[in-house]
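Following: one structure in structure tokens, then a few remarks.
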Amino acid sequence: MSRGVVTEAYRRLAEDGQVAGRRRGGTVVVAAPFTTVPPPAAGDRPGDAGSTGTVDAAGASGSPAARGVGGGIARGGGDSAGAGVAGGPSARGRAGGPGGRYAGQGADGPARPCAGHRAGGSAGAYPGPATAGSPGPGAGGRGRPYAPEGGGPGDGGPGGLFGGDPGADVFDALRAAPAAVDFTPGRPDLTTFPRAAWLRAERAVLAGLSAEQLGYGDPRGAPRLRRAVADWLARVRGVRVEPDAVLIVAGTAQALTLLHPVLRADGVHAVAVEEPGSLGARQHLRNGGLATPPVPVDEEGVHVDALRATGARAVLLTPAHQFPTGVVTSGERRRELLEWARDGGLILEDDYDAEHRYDRPPVPALRALLADRVCYLGSVSKLLAPALRIGWLVAPARYRTALTDAKRFNDLGNAVLPQLVLARLMESGELERHLRLLRGRHRRRRDAMIAALAEHLPGARVHGAAAGLHLTVTYAPDVPDTEFAAAALARGVKCQPLSWHRQTPGPPGLVLGYAATAPGVVAQGVALLGRTLRELG
């Protein structure tokens, strides 16, 4: 067996948190929890023990464009660099331990409050243990409870859109705002949608479709697609489920909506969320009457001790590629999360951006490790197109009947024809071929953005370069990020301020999607951002 095969095997074991290097002591197997609840996990195969989510271009890519980036983009722990045969030091050892840019939001907080946050408390603050007489997790010792979103986007202009707390229609308003360069995160390269393959699959499906199949279908989804999704999850994400466990939904948004009454019936009235974390997901949870206490995220993932302190019985996580920081939850943190869940907690795992990895293999899903305590959410919105509105929810057995009823009374099930076409794409291998095409295109655009940021925003820090469809950029806290985003939109560059995705104070930043923009346009847009920040400063 060649040395390269052995090295790669050790590297993957180290990234999955299964082994650890002890310098001269060699490589040892890490003790891992397991569950005796069927289906049993073969062992703990958690994810990246080395990625910090804050990297420079050299740690993100071996391409010439990325290697040439210097400037002020700080180097983090890299993406598995140095794991090698011995597994390498832990992420905590390389990154200097907890307390990084996203840990606690304390000393690195802005000199003045970021726009978009209330200066004081709120009557709607979560009244759980973390806020009863003590600052909530992630408050940075400021004693300020987090505040729920309210209000609207204002008058529709750049200043109004980014002024005050973002309302429920803020994303609609941002989509409608004209801009020459669109860095909205979460958008894949829609010009590559496999139209020819979709048409071929559609014709094949229609040719073999019986008259009975044009009637009302199973509210859980077409059996053929549920089988195809089960095979896809086993092959791509390491999640082994029976087709009957798969519920087809209209994306992650509907999955959260269906979970609202089911969780409340189970006595869950608060779902903890990552801090910073997705504003959109938080809005969906609050629309269902669920509180969203924040839990800070550092270079290894969510703080499990802070999660316990909230008293929440459920938590919404993006462990494969945290939004918006890009952190991959480390093996040690995954084991702590599984212990928390085994003690009665429930993890809602949004497998956001899991397929879009450029510099290392995907990490296993938490659902593969503790099936009875994890609700798994996925979709094809970032893989094919959001317009398809097709996703899936794999829940613990005790919730399946209630979720099926919720889906039945919500819409009687998704449209059957697109389900069958997607199933054929999955079965034929077309979807995996499309994914390989996307990875190459997205990687080149990511490299172009990293190079442009190094040139035009040399003092900024780039987060989350190893995967996904966006980068998060933080900078010196002299200009509120809402003011920056408003000025950028006035210049024709559309992006989201990082403070939209916070409930507690923290360093200002921008969330920049690159996947839907050509490399040349990416460079032009980042140049405009650099000019805008210099003028504001």
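Would segment 254-263 turn up any residue that is within 30 Å of Trp500 (Cα to Cα), outside any helix (DSSP H, G or I) and of a type in the set (Gly, Ala, Ser)?
No, there is no match, as no residue in segment 254-263 is within 30 Å of Trp500 (Cα to Cα), outside any helix (DSSP H, G or I) and of a type in the set (Gly, Ala, Ser).
With the requirement that a residue be open to solvent by less than 20 Å² (accessible area, probe 1.4 Å), outside any loop (DSSP other than H, G, I, E, B) and within 16 Å of Ala395 (Cβ to Cβ), what does segment 337-356 give you?
Matches in segment 337-356: Ala341, Leu346, Ile347, Leu348, Glu349.
Taking the condition in contact (Cβ under 8 Å) with a residue 24 or more places away in the chain and out of contact with any strand residue (DSSP E or B) (no Cβ under 6 Å at 6 or more places or on another chain), does Val421 pass?
Considered against the rule, which asks whether it is in contact (Cβ under 8 Å) with a residue 24 or more places away in the chain and out of contact with any strand residue (DSSP E or B) (no Cβ under 6 Å at 6 or more places or on another chain), Val421 comes out as yes.
Consider Ala312 carefully, then state whether it is open to solvent by less than 20 Å² (accessible area, probe 1.4 Å) and farther than 21 Å from Ala365 by Cβ.
Answer is yes for this residue.
Pull up segment 482-494, narrow it to residues that are in contact with a Ser or Thr (Cβ under 7 Å, 6 or more places away or on another chain) and in contact (Cβ under 8 Å) with a residue 60 or more places away in the chain, then point me to the one that is nearest to Arg446 (Cα to Cα).
Lys494
Is it the case that some residue within segment 465-481 is assigned to a helix (DSSP H, G or I) and either touching a residue at least 24 places away in the same chain (Cβ under 8 Å) or surrounded by fewer than 24 Cβ atoms within 10 Å (Cβ to Cβ) (or both)?
Quick first cut of segment 465-481, residues assigned to a helix (DSSP H, G or I) only: 481.
Retained after the next criterion (residues that are either touching a residue at least 24 places away in the same chain (Cβ under 8 Å) or surrounded by fewer than 24 Cβ atoms within 10 Å (Cβ to Cβ) (or both)): 481.
Yes, some residue in segment 465-481 is assigned to a helix (DSSP H, G or I) and either touching a residue at least 24 places away in the same chain (Cβ under 8 Å) or surrounded by fewer than 24 Cβ atoms within 10 Å (Cβ to Cβ) (or both).
Among the residues of segment 12-35, which ones are open to solvent by less than 50 Å² (accessible area, probe 1.4 Å) and modelled with pLDDT of 75 or more?
Within segment 12-35, Val19, Ala20, Gly21, Gly26, Val28 meet the criteria.
Return the only residue of Ala222, Ala207 being out of contact with any Pro (no Cβ under 7 Å at 6 or more places or on another chain), free of Cβ contacts under 8 Å to residues at least 12 places away in the same chain and either closer than 23 Å to Val380 by Cα or of a type outside the set (Lys, Arg) (or both).
Only one candidate qualifies: Ala207.
Evaluate segment 514-527: report whether one residue or more is more than 15 Å from Arg445 (Cα to Cα) and buried (at least 24 other Cβ atoms within 10 Å of the Cβ).
no
Could you check segment 194-214 and list, in sequence order, the residues that are open to solvent by 40 Å² or more (accessible area, probe 1.4 Å) and not basic (Lys, Arg)?
Listed by number, the residues that qualify are Ala196, Leu199, Glu202, Leu206, Ala207, Gly208, Ser210, Ala211, Glu212, Gln213, Leu214.
Considering only residues that are open to solvent by 40 Å² or more (accessible area, probe 1.4 Å) and either touching a Gly at 6+ places or on another chain (Cβ under 7 Å) or among the polar types (S, T, N, Q) (or both), which ones fall in segment 402-415?
Of the residues in segment 402-415, the ones open to solvent by 40 Å² or more (accessible area, probe 1.4 Å) are 402, 405, 408-412, 415.
Answer for segment 402-415, where residues must be open to solvent by 40 Å² or more (accessible area, probe 1.4 Å) and either touching a Gly at 6+ places or on another chain (Cβ under 7 Å) or among the polar types (S, T, N, Q) (or both): just Asn410.
Quick one: which residue in Gly520, Gly530 is in contact with a helix residue (DSSP H, G or I) (Cβ under 9 Å, 6 or more places away or on another chain), part of a helix (DSSP H, G or I) and closer than 17 Å to Asp189 by Cα?
Gly520
Quick check on my filter: what residues within segment 357-393 are part of a loop (DSSP other than H, G, I, E, B) and aliphatic (A, V, I, L, M)?
Answer for segment 357-393, where residues must be part of a loop (DSSP other than H, G, I, E, B) and aliphatic (A, V, I, L, M): Val363, Ala365, Leu369, Leu370, Val380, Leu383, Leu384, Ala385, Ile390.
The values are calculated or read from the model by the stated rules, or taken from the named source; none is laboratory data. Because the structure is a prediction, the values reported are computed rather than measured. For neighbour counting, all protein chains shown are included, and Cβ atoms are generated from backbone atoms with ideal geometry for every residue, glycine included. Protein only, heavy atoms only, side chains kept; ligands, DNA and RNA dropped before computing areas. Shrake-Rupley method; radii C 1.70, N 1.55, O 1.52, S 1.80 Å.
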